[in-house]
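Please read the structure below before turning to the comments.
Derivation of every value follows stated rules applied to the coordinates shown; laboratory data play no part. Keep in mind the model is a prediction, meaning the values are calculated, not measured. Don't worry about glycine lacking a Cβ; one is built from the backbone with ideal geometry, like all the others, and counts go over all protein chains shown.
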Amino acid sequence: MSQTIQLPDYREQSAKVRERFRALKQRPVKLEVRGLCREFESASGTVKALHDIHFNVYRREFLSIIGPSGCGKSTLIRILSGLDEPTSGSVLLDGKEVRGPGADRGMVFQGYTLFPWLTVKKNVMFGLEVNGGSGCSVEQDALQWIELVGLSHAKDAYPNQLSGGMKQRVAIARALANQPKILLMDEPFGALDAQTRAQMQSYLLQIWQNVDVTIVFITHDLDEAVLLSDRVVVLKAHPGEVQEVIEVPVPHPRHLGQLITPEFLSTRNRLEELIHPKSSGEEKRLPIPRMTQVGDDVF
C-alpha cells in the first residue's frame, strides 16, 4: 500500500539557509522596483499589464520572476532594461533611476540575437566596441569571456556552426563582456531541448558563482526557478501583481540531484499552487466534434 510523503513547509529553512539569507539581506540593494505600473491603450480600452510592483534585488543575488501567461513578465524585464517605460512608478539601479538602455545592464533574450556574419570572438567584441573599446585590449577581454563560458575552442566559428546551447553561451558572454551591474535574462533557455537546458542551467550557476553580477531571470519553468534562484517573485495575471516572494530553502551549491529533495519539492509545489490553482468543479471540456467512428476509444 503506497504512502503519501509528507513534505516540509516551504518556509522552513535549515540553519545554513537562514544564515545565507541573513548575509544576503545585509548586502547593498542593487535594484529597486517601486510601485511599477504599465498600461497599454487598445481598441477596447486601457489594458493594465502591471500594477503596483514592488521588490528589491540585493547585490549578487539570483532572483527569478515567474507567473502564468499574461502576467507581464516580459513587459517587466523590458522596463528594467530600459527598453520600455512604466506608466507610473520607478526602477532604480544603485539608487539612480533607469531611463533608457545602458551598459550597466546586460540583456539576454530567448532568441540568440547573434550577428550571423560575425565569428564568436567578433560577436563578443562587438559589444565592447560599441561602448568605446578599441585595440588589442578588446580582443583580449573578449577571449577572456569566451573562455569563461567554455567556448575557446569555437572562438573563430560562426553562429550557424554552433548548437543552440553554444549560441546562448555566446550571448551570455557578450552580455557580460561590458561587466554590467545586473544581468537581465528573459527566458533564455526556453528554446532549448531538455538536456541542453539542464546543461545551460549548470553553466549559468558556475558563471554566476565566478562573476560579480546580479541576475534577474524570467522563466515559466518551475523547476528552473527553484534550482537557480535565491528568491522567486511570483506574479499573478490580469493585471500583473506580486503574489508572493519566496525564499528558496534549497541549500547551495545547487545541482540537479536536488530536484528530488523535500525542500525542492515543497517549494515547487507552492509555485504550482500559486500559478496553477486547482479549480472547483469539473475540468472544462473543449467543444471538439468526434472525428472517428472506428471504435478505437482511448479511454
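Relative to the longest principal axis of the Cα atoms of the chain, the long axis of helix 164-177 makes an angle of roughly 50 degrees.
Restricting attention to the stretch 40-194, the count of lysine pairs at 8 or more positions apart or across chains with alpha carbons under 19 Å apart stands at 7. Across the chain, C-alpha contacts under 8 Å between residues 6 or more apart give a mean separation that, scaled by the residue count, equals a relative contact order of 24 percent.
Using just its DSSP H runs of length 4 or more, each adding -39500 (n - 2.57), the chain gives a mean residue ellipticity at 222 nm of -10000 deg cm²/dmol after division by all residues. The separation of the stretch 19-40 from the stretch 82-118, counted between C-alpha centres, amounts to 17 Å. Between the beta carbons of Lys278 and Ser69, assuming R0 = 25 Å, the FRET efficiency works out to 0.90 to the nearest 0.05. Computed across the chain, the Kirkwood radius stands at 21.1 Å (inverse of mean 1/r, all Cα pairs). For the peptides 164-172, 255-263, residues were scored by their other Cβ atoms within 10 Å and the scores averaged per peptide; the highest-first order is 164-172, 255-263.
Straight-line reach from Lys30: taking Cα to Cα under 16 Å and skipping same-chain neighbours fewer than 8 places apart, the aspartates and glutamates in range are Glu61, Asp94, Glu97, Asp104, Asp212, Asp230.
Peptides 185-194, 57-66, 41-50 ordered by packing proxy, namely the average of other Cβ atoms within 10 Å per residue, highest first: 57-66, 185-194, 41-50.
As a calculated quantity, the FRET efficiency between Ala15 and Phe55 at R0 = 30 Å, using C-beta atoms, amounts to about 0.70.
Straightening the chain between Arg99 and Gln209 buys 36.7 nm, computed as 0.36 nm per residue apart minus the Cα-Cα spacing. With the crude spin-label approximation of a point 7 Å out along Cα→Cβ, what separation in nm comes out for Val47 versus Gln140? According to this spin-label approximation, the distance is 5.1 nm. Mean separation of Cα pairs under 8 Å and 6 or more residues apart, divided by the residue count, gives the stretch 97-184 a relative contact order of 49 percent. Rounded to the nearest 0.05, the FRET efficiency derived from the C-beta distance between Ala191 and Phe115 at R0 = 25 Å is 0.85.
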